[in-house]
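Below is one structure; the comments refer to it alone.
The values are calculated or read from the model by the stated rules, or taken from the named source; none is laboratory data. Bear in mind the structure is a predicted one, so any value in this text is a computation, not a measurement. Heads up, the Cβs are rebuilt from the backbone with ideal geometry, glycines too, and the neighbour counts pull from every protein chain shown. The accessibility values were calculated without ligands, DNA or RNA, using every heavy atom of the protein model including side chains. Shrake-Rupley method; radii C 1.70, N 1.55, O 1.52, S 1.80 Å.
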Amino acid sequence: MKTAVDMNDPRVKRLVLAVALPAVAGLAASAGHHAINAIFLGALGPDMLAGISLVMPLFLLVAAAGQGLGIGLATLLARHLGEGDLKAAASVATTALAATIPLGIFLSILIYLGLPDFVGALGASDNLLAPGLDYGRLLAFGMTLGLLQAICDFIAIAEGNSRFSMIVLIASFALNAVLDPVFIFVFKLGASGAALATIVSSIAALACYAVYFLRRWGTVSVTGGAICWQLLWPIARIGLPAAATSIVTGLGFLVLIREAAVHGGDKGVAATAIAIRLMTLGQLPLFGFCLGAQSVVSHAFGAGDAERLKAVIRFMLAVTIPVALLYSILLFLAAEPIARLFTDSQDVVDEAVAWLRSLFPIFPLAAFQSVLLVMLQSRGRAGLSAVVGLAPQGYLLIPLLLVLPLWMGFAGISAAAVVAAILAAILGGFVGWREWLAILPTGAPGRLSANRHFTPDPRGTP
């Protein structure tokens, strides 16, 4: 079952769509699953939804490790494939998989033991503590499975086989969506049922990837690759900006939830939980598009084809920004009926509607930043990638979250997110323009021979 696409296909738009749309479908299924999961839990009351949201920033922090490892291995693997070095590519994939197991076990233990103190430190009411602990402690047991699934997804996407990744993601999330109401309502497990459904779905996904690798349906052979622990440094060096971005995003959400509890109480936490789910629903598909296209960008970088790299970036911008704008308009116009899907509490609905309408400018700006990060990461510009990626959910957002609610109350929380996104876009526009000019100097030929005008930056390339 050789389904990998030809990364040298001269039809750039067709190639980007072939590798990116499956990733879009997979991550859209992920975002849809989280939204559906929240709707089921919201049926048990706003306290259930708010309680589970208390632990989500912690799992975002943990997922950062998997994302950093995955982006690092995917970028390095795609470069080796672009260079035609299948042995090196296989070694990268095998090493990343081997490193994931002890990492996942360590994080599982850390979460399970530290979760009570973490939830208590957020200052939420006792009504929210029980569902948060029930959900978080059980989900901690499946942490290693979730990280392994993520790494397998990155390997498949990086070798151009994102269609298989899409099928596995959609199937696993569909299974999760089916199991959610069974475990939550039929077996009356509540929050624990949602966590158990996630674990079972991860096991099913890993079974699919076991078949994928054993039958060698992809380009890279993980069973024949040599484990080389020295590769963890170049993988980490590439993936660290993305991991740092996710870590800071998790910290930003942690501060956001904390401020929501302080300035909005339990209903503020529930409204914020709804807003976060819908932010994810809008942003994850766009991130999936960029993630799928990243393999094409990295391949062009490895091949030294600057004209092809620019063509991919232009097409990514032309697709993601208009789609993000349409989602913003939909969310603004239909904020109230959408919020009512998650809760029947009028107080929570009112707070959520104000939250959602304030998000209007965020999605197009986030789309631009996602494309910019792909360009920077694929070119090995780790430092600039960190500066740009950490801005909207990190060093710009967190201070604003600590200041604006003091003046504006609960409304200051959503205002902080919007202001941070605008400032980050201004910074990203400056960085992006400089990097765009650096890819191909004015007057240089469009297609380079022997990388004469297009040399990877030695400071950022492993």
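A single member of SER108, SER165, SER172 is assigned to a helix (DSSP H, G or I), touching a residue at least 24 places away in the same chain (Cβ under 8 Å) and surrounded by fewer than 24 Cβ atoms within 10 Å (Cβ to Cβ), and it is SER108.
Listed here are the residues, each with its yes/no results for (1) touching a strand residue (DSSP E or B) at 6+ places or on another chain (Cβ under 8 Å); (2) of a type in the set (Gly, Ala, Ser); (3) at pLDDT 90 or above; (4) part of a helix (DSSP H, G or I).
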residue: CYS208; (1), (2), (3), (4): no, no, yes, yes
residue: VAL211; (1), (2), (3), (4): no, no, yes, yes
residue: ARG216; (1), (2), (3), (4): no, no, no, no
residue: VAL222; (1), (2), (3), (4): no, no, no, no
residue: GLY225; (1), (2), (3), (4): no, yes, no, no
residue: LEU232; (1), (2), (3), (4): no, no, yes, yes
residue: ARG237; (1), (2), (3), (4): no, no, no, yes
residue: LEU240; (1), (2), (3), (4): no, no, no, yes
residue: ILE247; (1), (2), (3), (4): no, no, no, yes
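So, of the residues in the stretch 111-128 that are in contact (Cβ under 8 Å) with a residue 24 or more places away in the chain and surrounded by fewer than 17 Cβ atoms within 10 Å (Cβ to Cβ), which turns out to be nearest to THR223 (Cα to Cα)? This residue is TYR112. Would you check if LEU317 is open to solvent by 20 Å² or more (accessible area, probe 1.4 Å), over 30 Å from ASP6 (Cα atoms), of a type in the set (A, V, I, L, M, F, W, C) and modelled with pLDDT of 90 or more? In short, no.
Quick check on this structure: which one of LEU437, LEU384 is farther than 22 Å from GLY264 by Cα, at pLDDT below 95 and surrounded by fewer than 20 Cβ atoms within 10 Å (Cβ to Cβ)?
LEU437
Screening the stretch 294-400 for helices (runs of 4 or more DSSP H) wholly inside it with 1 or more residues that are over 23 Å from the mean Cα position of the chain (by Cα) returns the ranges 306-333, 335-340, 346-358.
Scanning the stretch 279-307 for residues that are of a type in the set (A, V, I, L, M), in contact with a helix residue (DSSP H, G or I) (Cβ under 6 Å, 6 or more places away or on another chain) and within 24 Å of PRO322 (Cβ to Cβ) yields LEU281, LEU284, LEU286, LEU291, ALA293, VAL296, VAL297, ALA300.
Is it the case that PHE154 is without any contact (Cβ under 8 Å) to a residue 40 or more places away in the chain, touching a Gly at 6+ places or on another chain (Cβ under 6 Å), assigned to a helix (DSSP H, G or I) and not charged (D, E, K, R)?
For PHE154, the condition - without any contact (Cβ under 8 Å) to a residue 40 or more places away in the chain, touching a Gly at 6+ places or on another chain (Cβ under 6 Å), assigned to a helix (DSSP H, G or I) and not charged (D, E, K, R) - is not met.
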